[in-house]
Amino acid sequence: MSLRLQAPALRAPTIGLVGIGLVGGSAAAFAQEDPSAAAGGGTAQLPEMSVQGSAPNPYRADSTPLPRSPFTAADAPQTVNVVPRIVMEERAATTVREALRNVTGISLAAGEGGFSGDNLTLRGFSARSDFFIDGIRDFGQYTRDSFFLESVEVLKGPSSIMFGRGSTGGVINQITRLPLPTTQGEVWLSAYSPSGVRGTADVNVRAGEVAARMAVMATHIDASGRDNVSNSRWGVFPSVTFGMGTPTTLTLSWLHQEETNVPDFGVPYYQGRPLRVATNTFYGLNQTDREHTLTDVVTATLRHEFQEGVSVSNTTRWANYGRQVSATAPRLVASTVANGITGASLVNRQPQVRNGYDSILVNQTEGQFTFETWGGLVHSVVAGVELGRESSEIVRYGQTGRPQASLLFPDFYDTGNIRQTFTSDIKTVANTFSVYAVDRIRMGEMFEVMLGGRWDSFEAEQENRATGLTYDRTDREATWRAAFIFKPTPEIRTYISGGTSFNPSAESLTLAANNAALPPETATTYEIGGSWNLMDGLRLQGSVFRIEKRNARTSDPANDTLQVLDGVVRVDGFEISATGQITPEWNIMVGYTRLNSEIVESNNANEVGKEFANVAPNTASLWTTYNFPMGIQLGGGLSYVDRRYGNTSNTVMVPAYTRFDAAIAWQPQDGAMRGLRFQLNALNIGDTRTYDTVYTGHVVPGVGRTFVASVQATF
């Protein structure tokens, strides 16, 4: 068997490490053979050696294998953006949402309609169900903290052959901090303006073949510029690996996170634009608006490496997600704004009250094989079987007696006479069985082919426990992906690829009378792209793509209470990014994406020719740091999001914005403070009015100017 690695930039440090090992081994042997050393009469003197090599690039976290794939992020025939831990720390990004500001082609979305927590669109298509942890679906509705993450990978393009249903625009995969072969640790403490504190710790200990790691977090932050909006979270992530350094390893981990906050549903639209009131205006109610989430994710992975290039792993995950939400969705009282905004204008406090319980049990067995066949073809194959059971229950409540609010001066402490009534209790259970295989075929130095396929069986059943009404749906779908890769030089990779994905009606574990009889939507993506290691440490990548659904859901012209698969929707786009080091002191992560979305055909005439909801035509991001002498680092960046429409008829629009961030840090190089890092971040330094999440009936402003003072201690 043979395995060829292409990583020219890593050769020098690898040789250097081998040299260090040889020096150490030679010194030990010399000490044993030298009589004077053995007698304690002196130490062996070796000639001085200089071992040189470039340090690992802190922004390039693209050399590890992608989940369920024989490729790394650097050599995959698709666009992959990786946000490493160091960038999240430099930007004071405490959540996955904040980390994704470094990735273009993404728009955040609100959580109304029964959903809460993280929600976004990726390359124009919803990715609410496309979050993963270490390659296994992370289905829960909660705010994903970054305290236990090593990096966040955004795999763009159809990913159904690797991850199953959904993933039309791509997936977000969170890489966790699992046990390391060395003993080390760090502690972060941060203070926020106007008010907030956060503390995290990450400690790893190894003893022989056992390594254990513990990451912990506690945070309470008041949203700057938003009255009465706050967030409190705490979490732990213990993990342990048995058999460290041996062919057989067992890794166990447990994520436990709890969150209590005041949910923010922002402001309504007025005349097709976000209502222009003071940025701190909040229409919620004291002791009424609240949210609590409880997340537990337990994972066990057993892996055995038979020999180089041949391994088998089995992963079992059980996860449980609970949430209780009582929020205010503000809606204008039309009669009070008919003649413009006045002191008498009012807002209805529309209740959004629900409890949710989600769970998932998954077992995945996967084999990885590297072998050579006729003609010198080198195959790297990943193949697996996945079994899963998911359930989701949502209990909704209605409320009466919520007092109306003054549009300009809402009273947070207005109690009213609120009464809560039960509305519905709906539970959905889904069973999944999947088989998949991906083959990377290397033909000499310049050419590669990727062929992959997957077959999914997805059975869902939903029951309204209040009425006894049930729906069920079974979908069996095959998806494929293929790519041709051409490498004219070791530094340049180009590719052309195509693939499919599918979106069943019960994709998010919800069914309804209008879609329970519908087969899945299917999408096809074509992409041409490439990457160029322009210099040692700096990588450019870009792509041009089209994503098209020719059987999109739309209303039935004969019965508007039903849906049919007669729609055609399309996204054409291109993107370019650069990641790495311009010089050894200058790091950069920059990107730009252009998306042209269009509803080509629909039975709703108001949608035809319009753009998708919540898709920004242009997005750009930049983060860069420069390391000065004496351990001083300056950093800065921006996030640009173009205007977006709040609905598919394009009658409400959210304006574009640019947010600027900055940071300064000092890391003493010697003395008693060596191992400390002092950092000051300014988030949204221009106090720009931003709009983070968009929905049909409301839009949620982003936080105002926030300063974060932090100290890190490593040991």
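When the gyration tensor of the range 405-549 is built from Cα positions, what are the square roots of 5 times its three eigenvalues, in whole Å, from largest to smallest?
That gives 46, 27, 12 Å for the three semi-axes.
Determine ³J(HN,Hα), in whole Hz, for all residues of the range 332-348 in sequence, where each value follows from phi through the Karplus function 6.51 cos²θ - 1.76 cosθ + 1.60 and θ = phi - 60°; x replaces Gly and Pro.
5, 7, 3, 5, 8, 10, 4, 10, x, 7, 9, x, 9, 5, 10, 10, 7
Going highest first, how would you order 600-609, 164-173, 616-625 by mean Cβ packing within 10 Å?
Ranking, from highest mean packing down: 164-173, 616-625, 600-609.
Output ³J(HN,Hα) for the range 692-707: one whole-Hz value per residue in order, computed from phi by the Karplus curve 6.51 cos²θ - 1.76 cosθ + 1.60 with θ = phi - 60°, and x for Gly and Pro.
Taking θ as phi minus 60°, the curve returns 6, 10, 10, 9, 4, x, 7, 9, 9, x, x, 6, x, 4, 9, 10 Hz for the range 692-707.
Hey, what do the phi angles of the range 633-644 turn into as Karplus ³J(HN,Hα) couplings, whole Hz, using 6.51/-1.76/1.60 and θ = phi - 60°, x for Gly and Pro?
So the Karplus estimates, Gly and Pro as x, are 10, 10, x, x, x, 8, 10, 10, 10, 5, 4, 9 Hz.
I need the calculated FRET efficiency for the pair HIS379 and PHE306, taking r as the beta carbon distance and R₀ as 25 Å, to the nearest 0.05.
Result of the calculation: an efficiency of 0.95.
Would you grab the residues whose amide H sits under 5 Å from the one on ASP556? Only those 5+ places off in sequence or on another chain, please, with H modelled 1.01 Å from N.
Excluding prolines and chain starts, which carry no amide H, the hits are LEU562, GLN563, VAL564.
What ranking of SER239, SER311, SER159, SER335 emerges when the number of other C-beta atoms within 10 Å of each C-beta is taken as an exposure proxy, fewest first?
SER335, SER311, SER239, SER159
Using the beta-carbon distance between ASP296 and GLU461 and R0 = 22 Å, what value does 1/(1 + (r/R0)^6) give for FRET efficiency, to the nearest 0.05?
0.35
Using just the helices of the chain, give the 222 nm mean residue ellipticity in deg cm²/dmol: DSSP H runs with n ≥ 4 each add -39,500 (n - 2.57), and the total is spread over all residues, rounded to 500.
-1500 deg cm²/dmol
For an R0 of 35 angstrom, estimate the FRET efficiency from the Cβ-Cβ distance between THR423 and ASN286 and round to the nearest 0.05.
0.90
Under 5 Å between amide H atoms, partner at least 5 residues away or on a different chain: which partners does GLY105 have, H built in plane at 1.01 Å?
Residues meeting the criterion, in which the H sits 1.01 Å from N, are THR593, THR619.
Select from the range 546-593 those GluC sites (Glu not before Pro) which occupy a DSSP coil region and have at most 15 other Cβ atoms within 10 Å, ordered by residue number.
GLU585
So I have [x] 14, 37, 26, 17, 6, 0; [y] 16, 50, 28, 5, 1, 0; [z] 12, 29, 18, 18, 16, 6, 0, and one of them is P(r) over Cα pairs in 20 Å bins from 0, in percent calculated from this model. Which one is it?
[y]
Taking the Cα centre as origin and putting +1 on Lys and Arg beta-carbons and -1 on Asp and Glu beta-carbons, what dipole magnitude results for the range 80-714, to the nearest 20 debye?
The calculated dipole for the range 80-714 is roughly 960 debye.
Could you give the angle, 0 to 90 degrees to the nearest 10, between helix 11-33's Cα long axis and the longest principal axis of the Cα atoms of the chain?
40
Could you sort 431-441, 269-279 so that the peptide with the highest average Cβ count within 10 Å comes first and the rest follow in order?
Going from most to least packed, we get 431-441, 269-279.
At 7 Å along Cα-to-Cβ for each site, give me the label-to-label distance between GLU445 and SER406 in nm.
7.7
Work out, step by step, the length gained on full extension between TYR397 and VAL210: first 0.36 nm times the residue separation, then minus their alpha carbon distance; give nm to one decimal.
Between TYR397 and VAL210, full extension yields 62.4 nm more.
Quick check: net charge around THR479, other residues with Cβ under 9 Å of its Cβ, Lys/Arg +1 and Asp/Glu -1?
So the surrounding residues net to 0.
Taking only C-alpha pairs under 8 Å that are 6+ residues apart, what is the relative contact order of the chain in percent?
Answer for the chain is 12 percent.
By how many nm would the segment from SER63 to TYR626 grow when fully extended, if each residue of separation counts as 0.36 nm and the alpha-carbon distance is taken off?
Length gained, SER63 through TYR626: 200.4 nm.
Report, by chain and number, residues whose modeled amide H sits under 5 Å from the one on TYR270, excluding near sequence neighbours (fewer than 5 apart, same chain).
Counting only residues 5 or more places away or on other chains, the set is LEU275.
What net charge do the residues around ASP62 carry, taking every other residue with its C-beta under 11 Å from that of ASP62, with Lys and Arg at +1 and Asp and Glu at -1?
Net of charged neighbours comes to 0.
Across the chain, how many lysine pairs separated by 8 or more positions, or lying on different chains, have Cα atoms within less than 30 Å?
Summing the qualifying lysine pairs gives 5.
Every read-out reported here was derived from the displayed coordinates using simple, explicitly stated rules and does not represent laboratory data. These numbers were taken from a predicted model, which means no experiment stands behind them. Reconstructed Cβ throughout: ideal geometry from the backbone, glycine too, with neighbour counts over all protein chains shown.
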